[in-house]
Amino acid sequence: MSEASRSAKPTRDLAGAIGSALLVLLGAVAFSQAADFSDLGAVFPRAIGGLMVMLGVAYLVLFALGRTQASTPVQGSNLRRAGVAAVMLAWAFMLGPLGFLLSSALAFALLLLVANHDRWTLRSSVIYGLAGATLLLGLYALFKLVLQVPLP
């Protein structure tokens with residue numbers, strides 16, 4: 001190890017702290033919005049919102065104590081990352097007009113196109129399609145029928 005790398009003080013993770021603060025706010029909004037749901041329908045958003053707040057606060061405490069460290073940049077395609085974010089944002093806006101199942105199926109297909117690094121084969125396409133349909137129908141049944149979440 002060189003002298004410069006040994007003496008360099010690691011920097012605190014400011015980006016992680018900012019992201020954690022945003023997640024705390026988003027979790028609090030999700031938790032408060034669940035008040036309009038049925039008792040069963042509110043379970044999931046309250047649980048996730050509560051976890052977002054608790055874990056975000058925990059990371060902010062670690063940041064304040066100087067226990068976080070900025071990570072090295074991750075290798076990969078920023079274009080793919082932006083594509084995934086764009087698809088997820090479009091999915092959120094399409095939930096209302098298209099409904100849960102159609103918008104989720106389109107988002108699933110687009111995410112596969114953007115994020116898949118492997119070569120497409122007939123076998124992988126069938127497996128992805130069946131897995132996606134099973135997942136979407138299972139989530140729909142869970143939210144709509146079991147938890148009684150009002151889905152668009």
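A few remarks follow.
- With respect to the conditions (1) farther than 22 Å from Ala131 by Cα; (2) touching a Pro at 6+ places or on another chain (Cβ under 7 Å), Gly99 falls short on a single one, namely (1).
- Number of the exception - Ser32 against (1) in a helix (DSSP H, G or I); (2) closer than 25 Å to Ala133 by Cβ: (2)
- Counting only helices (runs of 4 or more DSSP H) that sit wholly inside the range 55-152, not one has at least 1 residues that are aromatic (Phe, Trp, Tyr) and under 22 Å from Gly16 (Cβ atoms).
- All of (1) within 20 Å of the chain's Cα centre (by Cα); (2) loosely packed, with under 14 Cβ neighbours inside 10 Å hold for Thr72 with one exception: (1).
Each value in this text was obtained by applying a stated rule to the coordinates, not by laboratory testing. Everything numeric here is computed off the predicted structure, so don't read it as measured data. A quick note on method: Cβ atoms are made from the backbone with ideal geometry, for glycine too, and the neighbour counts reach across all protein chains shown.
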